[in-house]
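Structure first, commentary second.
The values are calculated or read from the model by the stated rules, or taken from the named source; none is laboratory data. Everything numeric here is computed off the predicted structure, so don't read it as measured data. Cβ: placed from backbone, ideal geometry, glycine included. Neighbour counts: every protein chain shown. These accessible areas exclude ligands, DNA and RNA; they are computed on the full protein's heavy atoms, side chains included. Shrake-Rupley method; radii C 1.70, N 1.55, O 1.52, S 1.80 Å.
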Amino acid sequence: VNEGEPVRVRGVWDGEEEARAVSEEIEALQAKGHKLNEIAVLVRAGFQTREFEERLITIGLPYRVIGGPRFYERQEIRDAVAYLRVIAQPNDDLAFERIVNLPKRGIGQATLQPIHMLARADGISLTRAVKKLIETDEIKPKPRKTLADLLVDFERWRGLAHMVPHAELAGTVLDESGYTEMWKLSKAPEASGRLDNLKELVAALEDFESLAAFLEHVSLVMENEGSMVEDKVNLMTLHGAKGLEFLTVFLPGWEEGLFPHQRSLDDLGSGGLEEERRLAYVGLTRAKKRALILHASSRRIYGKWQHSYPSRFLDELPAEHIDFIDNQGLNKNDANIHRQSLNSSSKYGKNAISNLAINKQRFGIFETRSLAQEFKVGERVFHQKFGYGHIVIIDGNKLEIDFEKAGSKKVVDSFVERNQ
């Protein structure tokens, strides 16, 4: 019998580095003849797949999402993207038809039929056909007013597109259109997950220079989704992984609040924690040969950067079967120190500040300051990842810093130290 390898635990800087680290390991395994079909990335929450999907698409590794559609194939994501397409491309008929009655506005087939007829007869787009018809009596008064109001909304959003960042625009459109509210009011069990995905979409927009660049990216992603290659990396949630086994399993996002998931703890208390613990067991036992657990020191969740504490479940792993590694590779001594820091309190989190101070030295994980520092524009500061730089803009707990080597970056103030 081929015995498995020790479970490895790796701390990373953020979600982007997490996805990069996993993809690099997958490429290394593939180069050694490891089949992609025998590799799985198991996440706690569906929104986590986006960052991995983006990375795998970038480097050209085929993948499949098991138990659900790919991120950009999901209903709520297609709907949101359709709204953005109509803003950027008013004559996009498919996008307009998708959202004209979403959320429900009383625009049925009886209203859409004359719009389609005029569009075909005059060879114009549906939007232009609507503009003509709302000036006539071809459509009943109530839907006519609804359509007129919708066109006004789109004109306002197009104007707003020139004034605010595109991520902010997307959030505004989803809120003002009533689309976000539709899912908030929904009793469907998947509603909360759909809202999470919409927040992740808005956050994803920040990675693109413009709305047009984002929409072009989505088009390219959709084109790549028709791949006929059968050997693919498997992406799925821990819930969907029950009963499946793979030679290699990656388990990202082992952080407090994400895993165990805060919503489960809030809603179900100790019962929720036990269910989360069972999920952790499920994840680890999906691996036949090797497993890598990852946790990030900071994570952008729904557009907001958050400090992350390593999951309490790491403290429960049997020491004799675990190897802690840093970004430079395995180091047994550092692993022992890391484990001591996790074990330094009988109840997780009691000594979180001092624990993270140790992790900062050993794993590039940063401690939280007990009191926020007051920074000033122009002040020279140091960032562990980007080096030295000067503060350009202060926006709450976010700083825009012009780094001497890395250029302009937006960071969380608690990751920055004064230049002593």
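Working only within the range 15-74, note down all residues that are over 23 Å from residue 306 (Cβ atoms) and basic (Lys, Arg).
Passing the criteria: 32, 35, 64, 70, 74.
Could you tell me which residue of the range 65-86 is most open to solvent (accessible area, probe 1.4 Å), considering only residues that are farther than 18 Å from residue 171 by Cα and not in a helix (DSSP H, G or I)?
67
The rows are residues; the columns are (1) at pLDDT below 90; (2) not in a helix (DSSP H, G or I).
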{"position": "299", "(1), (2)": "yes, yes"}
{"position": "313", "(1), (2)": "no, no"}
{"position": "335", "(1), (2)": "yes, no"}
{"position": "338", "(1), (2)": "yes, no"}
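Given the criteria touching a residue at least 24 places away in the same chain (Cβ under 8 Å), surrounded by 21 or more Cβ atoms within 10 Å (Cβ to Cβ), small (Gly, Ala, Ser) and closer than 21 Å to residue 260 by Cβ, does residue 45 qualify?
no
Among (1) assigned to a strand (DSSP E or B); (2) open to solvent by 10 Å² or more (accessible area, probe 1.4 Å), which single condition is residue 273 missing?
Against the list (1) assigned to a strand (DSSP E or B); (2) open to solvent by 10 Å² or more (accessible area, probe 1.4 Å), residue 273 comes up short only on (1).
Checking the conditions here, which among 242, 199, 232, 187 is touching a Pro at 6+ places or on another chain (Cβ under 6 Å) and either closer than 29 Å to residue 275 by Cβ or open to solvent by less than 30 Å² (accessible area, probe 1.4 Å) (or both)?
232
For residue 55, which of the numbered conditions (1) out of contact with any Gly (no Cβ under 7 Å at 6 or more places or on another chain); (2) touching a residue at least 60 places away in the same chain (Cβ under 8 Å) fails to hold?
Residue 55 satisfies every listed condition except (2).
Please find, within the range 15-35, the residue that is farthest from residue 314 (Cα to Cα) out of those that are open to solvent by less than 10 Å² (accessible area, probe 1.4 Å) and either in contact with a Pro (Cβ under 7 Å, 6 or more places away or on another chain) or not in a helix (DSSP H, G or I) (or both).
The selected residue is 22.
Please list, ordered by first then second residue, the pairs with beta carbon atoms under 6 Å, 6 or more apart or interchain, first in the range 87-101 and more than 17 Å from residue 77 (Cβ to Cβ) and open to solvent by 40 Å² or more (accessible area, probe 1.4 Å), second modelled with pLDDT under 95 and part of a loop (DSSP other than H, G, I, E, B).
Pairs that qualify, where the first residue is more than 17 Å from residue 77 (Cβ to Cβ) and open to solvent by 40 Å² or more (accessible area, probe 1.4 Å) and the partner is modelled with pLDDT under 95 and part of a loop (DSSP other than H, G, I, E, B), are 91/125; 93/125; 101/107.
Anything in the range 251-268 that is open to solvent by less than 30 Å² (accessible area, probe 1.4 Å) and part of a loop (DSSP other than H, G, I, E, B)? List them, or say none.
252, 253, 254, 259, 260
Can you tell me which residue within the range 202-221, out of those that are open to solvent by 60 Å² or more (accessible area, probe 1.4 Å) and of a type in the set (A, V, I, L, M, F, W, C), is modelled with the lowest pLDDT? Spell out how you get there, then give the answer.
Here is the first cut: in the range 202-221, the residues open to solvent by 60 Å² or more (accessible area, probe 1.4 Å) are 206-207, 209, 212, 216, 220.
Right, trim to of a type in the set (A, V, I, L, M, F, W, C) and you get 212, 220.
Details: 212: 91, 220: 79.
The extreme case among them is 220.
Hey, any hits in the range 255-275 for a residue that's aromatic (Phe, Trp, Tyr), in contact (Cβ under 8 Å) with a residue 40 or more places away in the chain, closer than 13 Å to residue 40 by Cβ and in contact with a Lys or Arg (Cβ under 8 Å, 6 or more places away or on another chain)?
Taking the range 255-275 first, the residues aromatic (Phe, Trp, Tyr) are 259.
Narrowing the set further to residues that are in contact (Cβ under 8 Å) with a residue 40 or more places away in the chain leaves 259.
Filter again for closer than 13 Å to residue 40 by Cβ, leaving none.
The answer is no, given that none of the residues of the range 255-275 is aromatic (Phe, Trp, Tyr), in contact (Cβ under 8 Å) with a residue 40 or more places away in the chain, closer than 13 Å to residue 40 by Cβ and in contact with a Lys or Arg (Cβ under 8 Å, 6 or more places away or on another chain).
Which of the residues belonging to the range 111-122 are in contact (Cβ under 8 Å) with a residue 24 or more places away in the chain and open to solvent by 20 Å² or more (accessible area, probe 1.4 Å)?
Selection gives 114 alone.
Starting from residues that are open to solvent by 30 Å² or more (accessible area, probe 1.4 Å) and among the hydrophobic types (A, V, I, L, M, F, W, C), keep the ones in the range 48-64 and report whichever is nearest to residue 126 (Cα to Cα).
For the range 48-64, the residue satisfying everything is 57.
Suppose we keep only residues that are over 20 Å from residue 95 (Cβ atoms) and touching a helix residue (DSSP H, G or I) at 6+ places or on another chain (Cβ under 7 Å) within the range 123-149. Which one would you say is least open to solvent (accessible area, probe 1.4 Å)? Even if it seems obvious, please write down each step before you answer.
Filtering the range 123-149 for residues over 20 Å from residue 95 (Cβ atoms) gives 135-142, 144-145.
Cutting the leftovers down to touching a helix residue (DSSP H, G or I) at 6+ places or on another chain (Cβ under 7 Å) gives us 138-139.
Numbers: 138: 127, 139: 7 Å².
Result: 139.
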